[in-house]
Amino acid sequence: MNMEERTTNIPDELSYHVQRPRCRQGGGDSRLFLASRIISAVFTPFMVPFLAFFLLFFFTYLNIMPLGYKLTILGLVYCFTILVPMLGIYFFQKVNGWTLHELGERERRFIPYVMTIISYVACLITMYRIHLPRYLSGIIVAVLICMVICTLVNFRWKISTHMASSGMMVGGLLSYSLIFRFNPVGWLCFFILLAGLLGSARIILRQHTLNEVCGGFFVGLFCGVAGILFI
């Protein structure tokens, strides 16, 4: 397996981790490895804010809001939290002529992290300017806090940003269940199972150890609760 096959795709860049070598396995292990890569590529940290807004707009009483308003906010969230960071990281990589493997080196992580954080800050300022309710802009606050913490921690310890995103979904769900007074058990079970699936995928890909996976989840859980309820 060459180096290009071992690197992850663009959405996975938020982790900036170098994938460890993996020897060739049998057919069953190859399918498991492929499934883990697909899970990691689909459930990326970039998707958390957009998914959270989507669920709130279409699966809570907020679905009574005008469709045009909901699509406008979703478009705003998509541009600032997915499109702009991905394009910024992609062009930064190409301008410097680095591969994803080279971008994962510790001394080169700082600028892509800062670019992503700046994009989220711009999103938060825009939401403030259009007077978006605090319980909605709190999603961006929670993700921003989590990104800053993960940025600082990742210079010393390779914490899992994928699992931090899963922890934020669980923490956000608990927070909104208190705000909107609904029973979150069904959704809670779903997101906890999803977190377990994603954590297993990251370990199978040898991107993280069990401690890094658990650490990322609890950081995200804390940020999901603190960012929405208390900050």
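Going by the conditions given, is THR116 among the polar types (S, T, N, Q) and either at pLDDT 90 or above or in contact with a His (Cβ under 6 Å, 6 or more places away or on another chain) (or both)? Break it down stepwise before answering.
Details: among the polar types (S, T, N, Q): yes; either at pLDDT 90 or above or in contact with a His (Cβ under 6 Å, 6 or more places away or on another chain) (or both): no.
When the stated conditions are applied, THR116 does not pass them.
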Revision key, fill the gap. Scanning the range 151-161 for residues that are within 23 Å of ILE231 (Cα to Cα) and surrounded by 18 or more Cβ atoms within 10 Å (Cβ to Cβ), the one farthest from the chain's Cα centre (by Cα) turns out to be THR151
Point to revise | ARG206 vs. criteria out of contact with any His (no Cβ under 6 Å at 6 or more places or on another chain), of a type in the set (Lys, Arg) and free of Cβ contacts under 8 Å to residues at least 24 places away in the same chain | key: no
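For residues in the range 160-182 being of a type outside the set (A, V, I, L, M, F, W, C) and in contact with a Ser or Thr (Cβ under 7 Å, 6 or more places away or on another chain), which is farthest from LEU51 (Cα to Cα)? Full working, then the answer.
Residues of the range 160-182 that are of a type outside the set (A, V, I, L, M, F, W, C), as a first pass: 160-162, 165-167, 171-172, 175-177, 181.
Within this subset, residues satisfying the condition of being in contact with a Ser or Thr (Cβ under 7 Å, 6 or more places away or on another chain) are 161-162.
Values: THR161: 16, HIS162: 14 Å.
In this case the residue turns out to be THR161.
Return yes or no: is GLU4 surrounded by 12 or more Cβ atoms within 10 Å (Cβ to Cβ), over 21 Å from THR126 (Cα atoms) and at pLDDT below 85? Spell out how you get there, then give the answer.
On the way: surrounded by 12 or more Cβ atoms within 10 Å (Cβ to Cβ): no; over 21 Å from THR126 (Cα atoms): yes; at pLDDT below 85: yes.
Criteria not met by GLU4.
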Review point. Looking at GLY220, GLY215, GLY199, which one is within 22 Å of ILE82 (Cβ to Cβ), surrounded by 15 or more Cβ atoms within 10 Å (Cβ to Cβ) and within 15 Å of the chain's Cα centre (by Cα)?
Key: GLY220
Review point. Among the residues of the range 173-199, which ones are touching a Leu at 6+ places or on another chain (Cβ under 9 Å) and of a type in the set (Gly, Ala, Ser)?
Key: SER175, SER177, GLY199
Practice item. Could you check, for the range 45-61, whether at least one of its residues is closer than 17 Å to PHE191 by Cα, surrounded by 18 or more Cβ atoms within 10 Å (Cβ to Cβ), of a type outside the set (Gly, Ala, Ser) and modelled with pLDDT under 85? Key: yes
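Residues checked against (1) in contact with a helix residue (DSSP H, G or I) (Cβ under 6 Å, 6 or more places away or on another chain); (2) without any contact (Cβ under 8 Å) to a residue 60 or more places away in the chain; (3) more than 24 Å from ILE39 (Cα to Cα); (4) among the small types (Gly, Ala, Ser):
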{"position": "PHE155", "(1), (2), (3), (4)": "no, yes, yes, no"}
{"position": "MET163", "(1), (2), (3), (4)": "yes, yes, no, no"}
{"position": "VAL170", "(1), (2), (3), (4)": "yes, yes, no, no"}
{"position": "SER177", "(1), (2), (3), (4)": "no, yes, yes, yes"}
{"position": "ILE228", "(1), (2), (3), (4)": "yes, no, yes, no"}
Check your understanding: Where in the range 24-80 are there helices (runs of 4 or more DSSP H), lying wholly inside it, with at least 1 residues that are under 30 Å from ARG181 (Cβ atoms), touching a residue at least 24 places away in the same chain (Cβ under 8 Å) and within 23 Å of the chain's Cα centre (by Cα)?
Key -> 48-59, 67-78
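I'd like to check something: does the range 175-193 contain any residue that is under 28 Å from PHE110 (Cβ atoms) and buried (at least 19 other Cβ atoms within 10 Å of the Cβ)?
Start the filter on the range 175-193 by keeping residues that are under 28 Å from PHE110 (Cβ atoms), which leaves none.
Scanning the range 175-193 turns up no residue that is under 28 Å from PHE110 (Cβ atoms) and buried (at least 19 other Cβ atoms within 10 Å of the Cβ).
Filter the range 118-133 down to residues that are over 18 Å from ILE89 (Cα atoms) and assigned to a helix (DSSP H, G or I), then give me how many there are. Lay out the reasoning, then the answer.
Initially, the range 118-133 is screened for residues over 18 Å from ILE89 (Cα atoms), giving 124-133.
From what's left, assigned to a helix (DSSP H, G or I): 124-129.
Going through the range 118-133 one residue at a time, the tally reaches 6.
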Point to revise | Members of the range 115-153 that are farther than 20 Å from LEU51 by Cβ, of a type in the set (Ser, Thr, Tyr) and free of Cβ contacts under 8 Å to residues at least 24 places away in the same chain | key: TYR128
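Which of the residues that make up the range 209-226 are free of Cβ contacts under 8 Å to residues at least 40 places away in the same chain and touching a helix residue (DSSP H, G or I) at 6+ places or on another chain (Cβ under 8 Å)? Let's see the steps before the verdict.
Of the range 209-226, the ones free of Cβ contacts under 8 Å to residues at least 40 places away in the same chain are 209-211.
Matches in the range 209-226: THR209, LEU210.
The values are calculated or read from the model by the stated rules, or taken from the named source; none is laboratory data. Since the structure is predicted, the reported quantities are computational estimates derived from the model, not experimental observations. Positions of Cβ are backbone-derived with ideal geometry, glycine not excepted, and every protein chain shown enters the neighbour counts.
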